[in-house]
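Take a look at the structure set out below.
FYI, it's all coordinate maths here, none of it is from the lab. Only a predicted model underlies this, so the values are computations on that prediction, with no experimental measurement involved. Quick reminder, even Gly has a Cβ in these numbers, built from the backbone with ideal geometry, and neighbours come from all protein chains shown.
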């Protein structure tokens, strides 16, 4: 089967959607002829065609588009402009994976965004995305609760296919209850990821905070941690091997995201695969995953109490870690790609 996959960005550009697409297309290539169209990126395994694009933050706008015939076209949004090129050309069948709603954060690139401008961006994106969804032959979402609560997605029939991880190749750590008191965060250091609330929580927790990742707000978060007088290590970007070593050492991984820009939380499944308990914000989609290997929290006090429970109750930590390790198996990429292939087969 010939497949064309569009995505605004492709690795080495860093992001959850980028790595989702890369993992999917590399496995699809084992049985299919796959071409990726993006604004940036390259791959030694899969053919990637990059096109000149206007660099709008988080939503590159292609100024040209290749004419590549395929049996199925698969677009990844919320950034809508690459998918819209497929719609304009009436290329069918068109599958859309809807990763998350668009919500413009208060700060982008270190600059505050006036709410009137943010609302205009959100309105424009909604208008374009609705056209895309109305024309799509199949729509994929990563969790049912996110799809049902999405202002856009809730209007449409969707197929639920979650994100994946390489669970079969991730070794489990020691029983979580026997580990050091390390609270781990891994992800981009940007406002909507909610690291500020975790730093504030650590003022009331006797443990070390390890922060893996980089981003536009790193200096601000480091300054806050220093002013809060907490034991915090900011590692910056690290290799996958180092990331998983920390996941196997940590007593708990926390995902404190603030809004619907976080729709799943791939770090949760990665930590669960390591037998590490997880604790996440009570957000649609995110909570579905977190409850399989840990707990959710609603506010600062709830976060403090639940981190302390996991740190102080060894049996609870071990039980949550074991449950998460078992649940993570269903998220292996081999299972996820089979489900995506089934969507394609139903359309051809």
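Which order results if 289, 238 are arranged by neighbouring Cβ count within 10 Å, fewest first? Spell out each step's value before the answer.
Details: 289 28, 238 15.
The order, fewest Cβ neighbours first, is 238, 289.
Per-residue ellipticity at 222 nm, computed for the chain from helices alone with -39500 (n - 2.57) per DSSP H run of at least four residues, works out to -11500 deg cm²/dmol. Distance from the alpha carbon centroid of the range 144-159 to that of the range 37-93 works out to 24 angstrom. Working from Cα pairs under 8 Å separated by at least six residues, relative contact order for the range 19-166 is 15 percent.
Relative contact order of the range 217-276: 33 percent, from C-alpha pairs under 8 Å at least 6 residues apart in sequence. Expressed as a whole percent, the proportion of Cα-Cα pairs in the range 112-230 lying more than 21 Å apart is 64%.
Exposure proxy ranking for 172, 274, based on other Cβ atoms within 10 angstrom of each Cβ and starting from the fewest, stands as 172, 274. To the nearest ten degrees, helix 218-227 and the longest principal axis of the Cα atoms of the chain are 10 degrees apart.
The C-alpha radius of gyration of the range 212-314, expressed as a fraction of 2.2 N^0.38 Å, stands at 1.08.
Counting only DSSP beta bridges with both residues in the chain, what percent are antiparallel, rounded to the nearest 5? Can you show the working numbers first?
Working: 4 of 47 bridges.
Taking every DSSP beta bridge within the chain, about 10 percent pair in antiparallel fashion.
Which percent, nearest 5, of DSSP beta bridges in the range 1-149 are antiparallel? Approximately 15 percent, going by the DSSP bridge assignments. Contact order for the chain, expressed relative to its length and based on alpha carbon pairs under 8 Å spaced 6+ residues apart, stands at 15 percent.
Against the chain, whose longest principal axis is taken from its Cα atoms, helix 16-28 shows a tilt of about 60°.
Each peptide in 225-231, 46-52 receives the mean, over its residues, of other Cβ atoms within 10 Å, and ordering these scores from highest gives 46-52, 225-231.
If you wrap the Cα atoms of the chain in a convex hull and average its projected area over all directions, you get 16.3 nm².
The long axis of helix 333-347 is offset from the longest Cα principal axis of the chain by roughly 30 degrees.
Arrange the following residues from fewest to most other Cβ atoms within 10 Å of their Cβ: 272, 247.
Working: 272 32, 247 24.
Listed from fewest to most nearby Cβ atoms, that is 247, 272.
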